[in-house]
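Contents: one structure, followed by commentary.
The values are calculated or read from the model by the stated rules, or taken from the named source; none is laboratory data. All figures in this text were calculated on a predicted structure; none of them were measured in a lab. All Cβ positions, even for glycine, are placed from backbone atoms using ideal geometry, and neighbour counts span all protein chains on display. Protein only, heavy atoms only, side chains kept; ligands, DNA and RNA dropped before computing areas. Shrake-Rupley method; radii C 1.70, N 1.55, O 1.52, S 1.80 Å.
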Amino acid sequence: MTLPDEQHVMNTFARIPVEFVRGKGMELYDASGKTYLDFLSGIGTVSLGHSNSLVNDAVYQQLKKLTHVSNFFYVEYRAELADRLIELFEEEGKVFFANSGAEAVEGALKLARKWGHERKPDADTIVTALGSFHGRTYGAMSATGQPERATDFAPVLPGFEYVPFNDIEALDATLGDDTVAFMLEIIQGESGVWPASQEYIDVVAKLCKERNVLLIIDEIQTGIHRTGKPFAFQHYGITPDIITSAKALGNGYPIGAVIARTEVADTFVPGDHGSTFGGSPLACAAALSTLIAFDAMALDGAIISEHVEAVGAYAQSKLAEIPYLTDIRGKGLMIGATLTDDAPLNAAQLRDALCEAGCIINAIGDKYIRLLPPLICKNVHIDALIEAIYAIMKAPREDIS
Ligand SMILES: *Cc1c(COP(=O)(O)O)cnc(C)c1O
């Protein structure tokens, strides 16, 4: 099927030929009126659900007043948004606002490099993990630990080194006097939802501290309550120097953020870094209302963290009962699973069949599926997805009584 934009829009996404025209909460509606349950939420962005009225109203009210004035001026809501982000970060710190995840990563890389030049003059190298994903711009792509995906765009930026994920010995052998920072997704998202082990993160924190290496945690996908805590690093009991946020921060409105401990953040002075649009009045209104809505949220009587943890655990237990699905993993409502070799469909075919059946999920290659539903997702929605997977796989099931 050809789509109407193919002649004049660059071909960068392998798309599923469905056009959604409206959304509400967990539900999406296509042009024919068919209803879908959304277990992808715009790749983990629309975490409060589609058309959240609090965020919509805040954006609309701001739209009527003022959309943009540039960063030469103070912007309403920005202080309160930054205050709330620092409260969620749980360390004294400062925020830089960008427009996207990749742009937040770029900001974090620049901040780390300048901090290094001042504190550790021989250190240029930024170490990242194999299998990681940090974005599509040159710095972020060079940091991404999937070098094969950058070969068509060579040369990538110098000054990056990659270590196998969850490998303590490799990290110990790599972090040295020439290392300025180690950047990590604490749960690798784009490559299939792979959590770091507690043991690994304990060593990461210890080595970074001992060797004066900044620890950057890329929380663009894992952040803003996705895993049942404001940021996923908080499951591990560590204190990163810098984190990046984006995806769910504006409930679908584009905004990114670099959050750093004050001592690191103060490395930037006027002229070092900037953005024409970053942290605009509209973006700040969207993000502030998103954080307020999460705070105010009581789902089935539970606060957001309890709700996300309970529904995530329920989803994992139900997925684990399905034949052909194995290695169910993740935290909160960031869930991955592997299809067994004898499964009747591969991951992409399962995704397409589920779309046909009215459930939107993500497939990663032929082997993995990923779920990133809005965090308002309830057990009944999980039941509907599980039901649809059984029907498509024609899998025998034991739990029907
Ligand atoms: C999505 C993602 C990015 C890139 O974000 P964009 O907004 O697409 O630029 C970077 N890091 C992680 C961990 C991501 O999941």
**Request:** Largest first and to the nearest Å, give the Cα extent of the range 1-127 along each principal axis.
**Result:** 60, 35, 29
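Rounded to the nearest 5, what % of the DSSP beta bridges within the range 54-296 are antiparallel ones? Walk me through the numbers on the way to the answer.
Details: 12 of 28 bridges.
That works out to approximately 45 percent antiparallel.
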**Asked** In a GNM of the chain with a 10 Å cut-off on Cα contacts, which of GLY237, GLY271, GLY250 has the highest mean-square fluctuation?
**Response** GLY271
**Prompt:** Reachable aspartates and glutamates from LYS318, Cα under 18 Å, same-chain residues fewer than 8 places away excluded?
**Reply:** ASP38, GLU309, ASP327, ASP383, GLU387, GLU398, ASP399
**Message:** Rounded to the nearest 10 Å², what accessible area does PHE73 have for a 1.4 Å probe in the complete protein model?
**Reply:** 120
**Item:** Solvent accessible area, Å² - PHE39, 1.4 Å probe, full protein context
**Value:** 0
**Low-density loop positions, GluC sites (Glu not before Pro), the range 326-401 - DSSP coil, at most 12 other Cβ in 10 Å** = GLU398
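Express the carbon and sulfur contribution to the solvent-accessible surface of the chain as a percent, rounded to the nearest whole number, probe 1.4 angstrom. The partial results should precede the final answer.
Working: 9690 of 17990 Å².
For the chain, the apolar C and S fraction of the accessible surface comes to 54 percent.
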**Item:** Exposure rank, largest accessible area first [PHE97, PHE268; 1.4 Å]
**Value:** PHE268, PHE97
**Complete:** Cα extents of the range 337-386 along the principal axes, largest first, in whole Å, come to 32, 18, 14
**Request:** Express in % the proportion of alpha carbon pairs of the range 71-173 at distances exceeding 19 Å.
**Result:** 57
**Request:** Please compute the net charge surrounding ARG149, taking Lys and Arg as +1 and Asp and Glu as -1 over other residues with Cβ under 11 Å from its Cβ.
**Result:** -2
**Message:** Can you give me the distance in nm between label points at MET10 and LYS34, each placed 7 Å from the Cα along the Cα-to-Cβ direction?
**Reply:** 3.1
**Request:** For HIS8, HIS235, give the ranking by accessible area with the largest first, probe 1.4 Å.
**Result:** HIS8, HIS235
**Message:** Please list 3J(HN,Hα) in residue order for the range 241-252, calculated via the Karplus relation 6.51 cos²θ - 1.76 cosθ + 1.60 where θ = phi - 60°; whole Hz, with x for glycine and proline.
**Reply:** 7, 9, 10, 10, 9, 6, 2, 8, 4, x, 6, x
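If contacts are Cα pairs under 8 angstrom and at least 6 residues apart, what is the relative contact order of the chain in percent?
Details: 787 pairs, mean separation 86.9, N = 401.
Answer for the chain is 22 percent.
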**Fill in**
In whole percents, the bins of 20 Å from zero upward hold the Cα-Cα pairs of the chain as 27, 58, 15, 0
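Under a 1.4 angstrom probe, counting protein chains only, how are GLU185, GLU19 ranked by accessible area, largest first? Could you put the intermediate results ahead of the total?
Working: GLU185 10, GLU19 125 Å².
Sorted descending by solvent-accessible area, the residues read GLU19, GLU185.
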**Prompt:** In square angstrom, rounded to the nearest 10, how much accessible surface does GLU87 have for a 1.4 Å probe?
**Reply:** 140
**Request:** Over the chain, average the accessible area per residue using a 1.4 Å probe and give it in Å², no decimals.
**Result:** 45
**Asked** Taking the Cα centre of the chain as origin and charging only Cβ (+1 Lys, Arg; -1 Asp, Glu), how large is the dipole, in debye to the nearest 20?
**Response** 880
